[in-house]
Amino acid sequence: MMLSAFVALTYGYYYEQTLKSKKVQVPLPSWIVTQSFKLPNKDADMVMRLLHGAHSVIAMAEDKMELFRQGMEEAKEQDTLRATALGPLMRTLGSLWPLSLRLALILLEHAAHIADQPMIQEDANKLWSSVKSLAAWARESNIMACWEWKPLLNGHDISKEFGVRGPAVGVLTNKQWEWRFLNPQGSKEDCLAWLKTQLDNDVQMAGVSGNGLNAKRKTPT
């Protein structure tokens, strides 16, 4: 993580180099790790993943800062944020989630320290607090290590149960994860029952062109 913090200010910049007579743009942090520090590509990849994770955490905290400031008193807002934003982000970052949080806090502390205007410093400090709130809320939501979870229903199960295929399977798979983030201890049967209510309410019709969920539903026997 120290190496990621060292090259953090170069994130978002690219170095153009020629490979096999073809110009390519290499992320500057990655180029520094491999060319200046002479470290292997796997280290450069880890640095980029950590930087991307930290900036993803900051972006989410910034987007939801007002909710965290208000303490998210509305249960519906908490559920929506956990199901559609926090859970997916944690699954995407995987085991890098804790390190991404720490790196995000380091970057914001640095931004506040070097700020030459009180307003910029204040904004950085507010965002730092928002990231801390995000980290605490993640711990309290009982979805830590959710990246290790196995799906209760795989693609074959969904296709067989609902008689759907193609994009519809992906839509229902995503909805399954939303339910899991709200019900970490839930059973396969409960998840299946909830998915059926989503079909009944036509919640999932958007984006399933050609494979409409209701049109392909399995008829009970």
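Key figures
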| quantity | calculated |
| --- | --- |
| Any hit, segment 52-60, residues being surrounded by fewer than 18 Cβ atoms within 10 Å (Cβ to Cβ) and of a type in the set (A, V, I, L, M, F, W, C) | yes |
| Some residue of segment 148-164 being closer than 23 Å to Ala61 by Cβ, at pLDDT 85 or above and of a type in the set (Asp, Glu) | no |
| Residue, nearest to Met48 (Cα to Cα), within segment 89-120, restricted to residues that are of a type in the set (S, T, N, Q) and at pLDDT 90 or above | Ser100 |
| Tally of residues being in a helix (DSSP H, G or I) and either in contact with a strand residue (DSSP E or B) (Cβ under 6 Å, 6 or more places away or on another chain) or in contact (Cβ under 8 Å) with a residue 12 or more places away in the chain (or both) across segment 130-169 | 18 |
| Filter result for Ala206 (modelled with pLDDT of 90 or more and out of contact with any Leu (no Cβ under 7 Å at 6 or more places or on another chain)) | no |
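Rundown of residues vs (1) surrounded by 18 or more Cβ atoms within 10 Å (Cβ to Cβ); (2) among the hydroxyl-bearing types (Ser, Thr, Tyr); (3) under 16 Å from Trp179 (Cα atoms), yes/no style:
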residue: Leu127; (1), (2), (3): yes, no, no
residue: Glu140; (1), (2), (3): no, no, no
residue: Ile143; (1), (2), (3): yes, no, yes
residue: Cys146; (1), (2), (3): yes, no, yes
residue: Leu153; (1), (2), (3): yes, no, yes
residue: Ile158; (1), (2), (3): yes, no, yes
residue: Glu161; (1), (2), (3): no, no, no
residue: Arg165; (1), (2), (3): no, no, no
residue: Val169; (1), (2), (3): yes, no, yes
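The values are calculated or read from the model by the stated rules, or taken from the named source; none is laboratory data. Here the structure is a predicted model, which is why all the values come from computation and not from measurement. Here Cβ is always computed from backbone atoms with ideal geometry, including for glycine, and neighbour counts include all displayed protein chains.
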